[in-house]
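The values are calculated or read from the model by the stated rules, or taken from the named source; none is laboratory data. Worth saying up front: this structure is predicted, and the values here are computed from it rather than measured. Glycine gets a Cβ as well: all are built from the backbone with ideal geometry, and neighbour counts include every protein chain shown.
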Amino acid sequence: MALTEHTLDSEQLLEGGFLRVYRDRVRLPDGSEARREYIAHPGAVAILPLTEAGELVLVRQYRYPVRQTFLEIPAGKIDAGEAWLATAQRELLEETGYTARRWHALPVAHPCIGYSDEKIAYFVAEGLIAGDSQPDEGEFVEVEHLPLTEVIARAQRGELSDSKTLTGLFWLQAWQSGMLRSEPL
């Protein structure tokens, strides 16, 4: 059975700072029609910065939509025309002050497939060089270094609930175990 839905018409409901909200009318596989509402997102990157001591560099920040502070891996949205790796390098510097000598690309994930077209490209950053963070205006983050084993233990205990961080830890463990290959960029 074909599962594809075909767009009949599309209406933009909102143009935000970087998000757009749409309501589409679609033809379903059985020939009937339905409405689909979704958020168009420019895409994002998430970085797993590893120190020589085996620590993961994380950021703690307040996330307004859920009114909570989260410990998470550095991440950020792609600017128009920007390459994935350039975005990762920029976001790592902005949020943590670090640059990295070595980068490895991990798989891309779609975090919200039920209501958004967002995709997140994951990267491992190694050979870190400390510097001064350069947060965006209105961005307030605290940088933390934790042993990777402690981060994984916190995730297993349910203390980390940010899906991009959990996905990143999954990809990182697969990469470190050799189950996932990635040549240096």
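The set of residues in the stretch 54-83 that are part of a loop (DSSP other than H, G, I, E, B), surrounded by fewer than 16 Cβ atoms within 10 Å (Cβ to Cβ) and touching a residue at least 40 places away in the same chain (Cβ under 8 Å) contains only G54. The residue list A174, A100, A105 contains one member that is modelled with pLDDT of 95 or more, touching a Leu at 6+ places or on another chain (Cβ under 9 Å) and either outside the structural domain of V59 (by TED's automatic domain parsing) or in a helix (DSSP H, G or I) (or both), which is A174.
Against the conditions (1) touching a strand residue (DSSP E or B) at 6+ places or on another chain (Cβ under 6 Å); (2) in the same structural domain as D162 (by TED's automatic domain parsing); (3) modelled with pLDDT of 95 or more, G114 satisfies every one except (1). Close contacts from the stretch 159-175, counting a first residue that is in contact (Cβ under 8 Å) with a residue 60 or more places away in the chain and a second that is polar (S, T, N, Q) and part of a loop (DSSP other than H, G, I, E, B), with Cβ to Cβ under 9 Å and a gap of 6+ residues or different chains, come to W175/S182.
Each residue in the stretch 18-51 was checked for being outside any strand (DSSP E or B) and either within 18 Å of the chain's Cα centre (by Cα) or in contact (Cβ under 8 Å) with a residue 40 or more places away in the chain (or both), and 6 of them qualify.
Screening L92 on (1) part of a strand (DSSP E or B); (2) surrounded by 22 or more Cβ atoms within 10 Å (Cβ to Cβ) shows it passes everything except condition (1).
For D136, the requirement of being modelled with pLDDT under 90, among the acidic types (D, E) and more than 20 Å from G43 (Cα to Cα) is not met.
Say we look at the stretch 128-143 and pick out the residues that are assigned to a strand (DSSP E or B) and surrounded by 15 or more Cβ atoms within 10 Å (Cβ to Cβ); which of these is nearest to the chain's Cα centre (by Cα)?
My answer is V143.
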